[in-house]
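Let me begin by presenting the structure, written as structure tokens, before commenting on it.
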Amino acid sequence: MKRRTVKPSALALLAALLLGAAHAQETVLYKASRVEPITGPTLSPGQVLVVDGKIRAIGSRIQAPSGAQVVDLGDGTLMPGLVDAYNDAGLAGGTNEVTREITPGFQAARVIDWKDRRFREALSQGTTSLAISPGTENVVSGLSCVVKTAGRSAESRRVGESTALLISLCSDPTRRNSSRARPDSIYVRQPTNRMGVVWMLRSTFDQVRRGEEIESGEWLASALSGERPMFAVSRTMHDLSTLLTLSEEFELSPVAVGGQEAYQLADRLAAAKVPVVLERLTSHQLQGAERTELVWNLAGRLAKAGVQVSLSGGQLLEQARFAYRFGLSAEEALRAITLTPARTLRLDDRVGSLAVGRDADMLALDGDPLEFTTAIRWVMVNGKIYENQKGDSRGEYDL
Amino acid sequence: MQVRRFRFTAILGSSFLAFATLLLTVSDAVSAPQPDPEVLVLKGARIHTMTERGTITGTIIVRDGKITAIGADLPSPSNAREIALDGTTIVPGLIDSRSSLWLTRAALNETSTRAALTILDGVDPFLEDWREVARQGVTAVFVQPSAGSSLGGLGAVLRVAPAQSVETLVIRSDAALQASLGITGSTSRERFGQFQKLQRALKSVKDGKTPEAEEEKEEEASPDEGQRGGFPRGRTGRGGARGAGGRGSAPTQPDRTKELLEKVIAREIPLRIEVHHPDTLMWALSLVTEFDIRLVLEGVSVPGGALPSLAELRTPVVLGPVWETGKAPSYREARADDWLSRVTESTGPWALGTFASEGRSSRLLRLHAAAAIAAGLEPDAVLRALTIDAARILGVDDTIGSIAPGMSADLAVFAGDPLDPSVSARLVLSQGRIVFEGNRGSRASTSRATIDLPESLPASYALRSDHVLRDGELEAATLWVRDGKIAGLGNSIEIPEGTPVFELGKGVITPGLVAAHATLGLSASSNDGTESDASQLRAIDVADPSCDAAQALLEGGFITVALPPASTTTSAGVVGALRLGAPETTWHPSIAGQFVMAASARTDQRFPASLFGQGELLGDLFAGRAPATRLYLPPSAQEALVAERKRNVRAVVSGERVALIQAQTHAEISAALRLIAEHELRASLVGPTEIIDHLESLRALGVGLIAGPISGTDFDRVADQLAAASTMGIPIAFAGESPEEIRATAALAVEAGMPRDRALLGLTRTAAQLTGMPRGTASLSIGQPADLVIWNASPLNLSARPVRVIVGGNVVDPQQ
């Protein structure tokens, strides 16, 4: 492993600069006719006490402490800010280092464009935490990084630095590569087919397990040992089935990302306790081998089989409504965009539910979150409210 | 599907807007549509009326959008809003006689032009570009359908002001019928074909026939004014008198082309032809004699032998673009350097146009004007070309273009010389409404001077001027030069008797300017993309000080050049310094290392293909872990290569040389700053564009900026950011390939509020410091080589020219 010689004085200086202004001590009680804590039953009415950007108390009979400000949402609904476990918003300067196939040291956290407009879009759609993930062109792509979609400074927005290791168990890494009759360069990018992808994964896992030195191998080792989540982009039935085989072989507990054909293996995935992070559900095209509308209930069928399902890729609330409309239970639909992705990323002690000690990331809605006509009133990140309809809050989105 | 539209995403979606707003709230306020002030009194300014009254100092009274009175000492009406403008200069709102403002992308890209088109159908009154244009004092523009074919359609004069509809923008909807000859077609024969087509069309209309069917078979009913006003488009045309009778067209469809050409023949609207070659110019002029039409010419790049005819007919012309960086289109390539003065000497009234392809580029109109003055034109004539003469040529001189009672109150108030682009506008009015109000920048300190200095100078001499650049300020001083070096400098210095002293009066003496990052067009020769660690390359090894780009820089007053290697590799090599015009042109072979975090060094073909990889590679290099070379070389050669690379990187890490890091975007700059902090580099960023969030870090880390050239298509935010950074104390120098480009960037930054002294230093001493040049480079200090430039005004004023460039005490002969 490479060790950097870091000059502490200069780094501290930079960190101090990035830290920005500390916000003032603030105590606010939010009251709504309906509060969805996700970790427990719906509170109706309910209150959430927010102190200094954290949830201090939640319940149905909380009195405002003296000096606290009270915000009454009337017949509105409060729920946790949404968590997107797989997204590439903010990833700047290339989503993969394609000059190598195995790049476990590729850290999304190092190359974030904090001003990417996709953060603002995600925020406006209710997403407060987002896992910036490297692309799928490499066999082992690198490390995702979880950030808040709004906040004064880069430091205050970071939730996880190198959260999950991304591998691609699909045909994406073979794109652009072709086998050649004779080498005309010292370097020919591999693999050229899906079988090659699996071979590369298997041999790399073996190398790491045997303790052989590979570049940035420590990241891979920590994912293989289960210390860090391993997200495997696997879409088709073959991808997923290979994932299960490799999991058995190397005793892994991976997360399947994509999962377009996961319904075909729902029971096996449930038995192996492999959570699935679904890539964007869409209604405009029919996916899956059967190409029938059945696949629109992908999330519902997985959940029914006992698979932990998360929705990802933006427009989370819309996706949850869509999944609910086609068969996912209301409770599961809300979990799939909050607590389940937070657990999958192992950040559920900070985000994904309304509970004491969690970050004050909340959505205030006009009514039932799963009703298509319900609007978002505001989105809160770390205790700070971002209004949706006011045009004067521009300056607050700076980073 | 979005259930509800979020207003803030709509607004904030464009990060540029958010940023612009941020800046504007700090410094200036572009007024939102306000209630029209009843009466406005502008007091105390110097007023260029552009009428026979000439220039006066006094008061203008504006009522209901019009000028009602102007005079030296007018009493203010009661309840009038008085604005004190002492020390400023008021001119009629400037006019860009060839613009693309307000036009939709579709209209700009339109290729199948035809005579029946009306540019007003391509206008989008909700575009935002007007703000940046208004900020420069431009209050009216002429737009027309694109000039691709022989007959292009009807052009219009539009306001630069907030608009609710197209109608509120229009000053004149039929300013000219547009045509062009020779924009397409490279041979004289092809061009003659275009001319014949135009001639036939005019002739048939004159003979009372319908012009032969060429392009006017329209699928839709022709647009006309009535329909634009919101009436449903129908197949019946308007009940115009003679329109409906044409052969070959359905009786219900009036022949719009014919109608328009009839108006041209009847001299109701001028025919405006863009020509560039001598042959097309000659033919275009022949139309005047043949049909007695009103003709306006555009372009006139290569008048050649047709110039006497142009002089004889005194045909009005619209000239431009005068300020052009990059490659000119093929039809304009052959334009001579003295083109502008030759054409304006022989023609009738003339106006200037930016000939811009983007709406917001019209904001650079004053840059074109300054370039025209630098090319030798009289400032008075240039100001007329932007105001009254433009208004006359466009047929709107009864409304705009001069300051007199009854005229529309379209006015621009500048803090100094209106034709100095580094001077910012204080106030801009359109129809009496304030469309821009600002308080940026400082006043220009110099005016143009005439200078008398011999072509060759003795070994020892002294120069005396009221404006010698010392520490960013222009002060009176005497500069003594002996044996090619500066021997003395000060207000009262001892000079041996008999030393000739040259009085330069208001002429400006600066050290030779510094181009902080200029490739001299040599990138191709310093480009070795085989491996991304090319630290061994030295740009100085391919330097050619006799190349055209270097000569242009020297003649433009730039003596010292930081010459970088090509930016296609992440560690690009060693930057060298040139001293142009000197017997030994290498000033220093290795002043800095160039490192590229920008996209130009990323390629899928080799590591690194991503910004992350660039950061990794540079982190490894700076930490002393240079990757082994993969080049197929004998082991000893490989060792030598790697050792040389390491040596050059070590020189940067140790602080002996500066690190010049190319980083443009937010994320690239973040990554660069991380490296600079980690390795405590002495560094400058080259070409940064998204710096506004990094200002604190830049200042704390002591990182300077070498700003890339600002082009016509850039937004004002680029200059605004530089101004913000400079105000915070971050040192800034300027990159660019030509002297005009580099000075324009400095001038635009000053216009946006960068302190003048910092900008002057940015062209000289700061540039030398930021690029790691030897101490004393580009500053007037005793013992330094006498590398001087004598200007007829401050180099920040783009209408200034270097009168003499002196290297090592000797006047540089441009012929050499």
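The values are calculated or read from the model by the stated rules, or taken from the named source; none is laboratory data. All figures in this text were calculated on a predicted structure; none of them were measured in a lab. When we count neighbours, we look across all protein chains shown, and the Cβ atoms used for this are built from the backbone with ideal geometry, even at glycine. The area values use the complete protein model at the heavy-atom level, side chains included, leaving out ligands, DNA and RNA. Shrake-Rupley method; radii C 1.70, N 1.55, O 1.52, S 1.80 Å.
The combined condition, being more than 11 Å from chain B (Cβ to nearest Cβ) and part of a loop (DSSP other than H, G, I, E, B), is fulfilled by A:T136. Annotation for region A:95-112: at least one member residue is open to solvent by less than 10 Å² (accessible area, probe 1.4 Å) and either in a strand (DSSP E or B) or within 26 Å of A:L354 (Cβ to Cβ) (or both). Those strands (runs of 3 or more DSSP E) of region B:55-169 in which at least 1 residues are open to solvent by 40 Å² or more (accessible area, probe 1.4 Å), considering only elements entirely within it, cover B:55-63, B:66-71, B:81-84. Filter region B:529-549 for residues that are acidic (D, E) and surrounded by 21 or more Cβ atoms within 10 Å (Cβ to Cβ) and give the result. Of everything in region B:529-549, just one residue is acidic (D, E) and surrounded by 21 or more Cβ atoms within 10 Å (Cβ to Cβ), namely B:D533.
Only a single item in (1) out of contact with any strand residue (DSSP E or B) (no Cβ under 9 Å at 6 or more places or on another chain); (2) outside the structural domain of B:V686 (by TED's automatic domain parsing); (3) open to solvent by less than 10 Å² (accessible area, probe 1.4 Å) is not met by B:V789, and it is number (1).
Taking A:G151, is it within 14 Å of another protein chain (Cβ to nearest Cβ), in a loop (DSSP other than H, G, I, E, B) and more than 20 Å from A:R100 (Cβ to Cβ)? The answer is yes for A:G151. Residues in region B:545-586 that are more than 28 Å from the chain's Cα centre (by Cα), in a loop (DSSP other than H, G, I, E, B) and over 27 Å from B:A800 (Cβ atoms): B:T569, B:T570, B:P583, B:E584. Regarding B:A572, is this residue among the hydrophobic types (A, V, I, L, M, F, W, C) and either away from chain A (no Cβ under 14 Å) or open to solvent by 10 Å² or more (accessible area, probe 1.4 Å) (or both)? So B:A572 fits the description; yes.
Looking across region B:700-720, the residues that are away from chain A (no Cβ under 14 Å) and β-branched (V, I, T) come down to B:I706, B:I710, B:T713, B:V718. Is there a residue being of a type in the set (D, E, K, R), under 29 Å from A:T95 (Cα atoms) and more than 7 Å from chain A (Cβ to nearest Cβ) anywhere in region B:603-610? Checked against the condition, which is being of a type in the set (D, E, K, R), under 29 Å from A:T95 (Cα atoms) and more than 7 Å from chain A (Cβ to nearest Cβ), region B:603-610 yields no hits at all. In region B:621-658, the residue that is nearest to B:H679 (Cα to Cα) out of those that are open to solvent by less than 20 Å² (accessible area, probe 1.4 Å) and either polar (S, T, N, Q) or within 14 Å of chain A (Cβ to nearest Cβ) (or both) is B:F622. Does region A:67-90 contain any residue that is within 14 Å of another protein chain (Cβ to nearest Cβ) and open to solvent by less than 40 Å² (accessible area, probe 1.4 Å)? Yes, because at least one residue in region A:67-90 is within 14 Å of another protein chain (Cβ to nearest Cβ) and open to solvent by less than 40 Å² (accessible area, probe 1.4 Å).
Confirm whether B:V318 is within 14 Å of B:S341 (Cα to Cα) and not in a helix (DSSP H, G or I). The answer is yes for B:V318. When region B:255-270 is filtered for residues that are closer than 18 Å to B:D207 by Cα and open to solvent by less than 30 Å² (accessible area, probe 1.4 Å), the ones remaining, listed by number, are B:D255, B:R256, B:T257, B:K258, B:L260, B:L261, B:V264. Identification of helices (runs of 4 or more DSSP H) wholly contained in region B:345-455 with 2 or more residues that are over 18 Å from the mean Cα position of the chain (by Cα) yields B:379-386, B:388-393. Set side by side, the residues B:G736, B:G753, B:G704 differ, and just one is in contact (Cβ under 8 Å) with a residue 40 or more places away in the chain, under 25 Å from B:L675 (Cβ atoms) and open to solvent by less than 30 Å² (accessible area, probe 1.4 Å), which is B:G704. crowded, with 22+ Cβ neighbours inside 10 Å and over 17 Å from the mean Cα position of the chain (by Cα): is that true of B:S697 in this structure? Spelling it out, it is not the case that B:S697 is crowded, with 22+ Cβ neighbours inside 10 Å and over 17 Å from the mean Cα position of the chain (by Cα). The condition (being under 19 Å from B:F734 (Cβ atoms) and of a type in the set (G, A, S)) is satisfied by just one residue among B:A534, B:A524, B:A552: B:A552.
Scanning region B:456-472 for residues that are aliphatic (A, V, I, L, M) and assigned to a loop (DSSP other than H, G, I, E, B) yields B:L457, B:A459.
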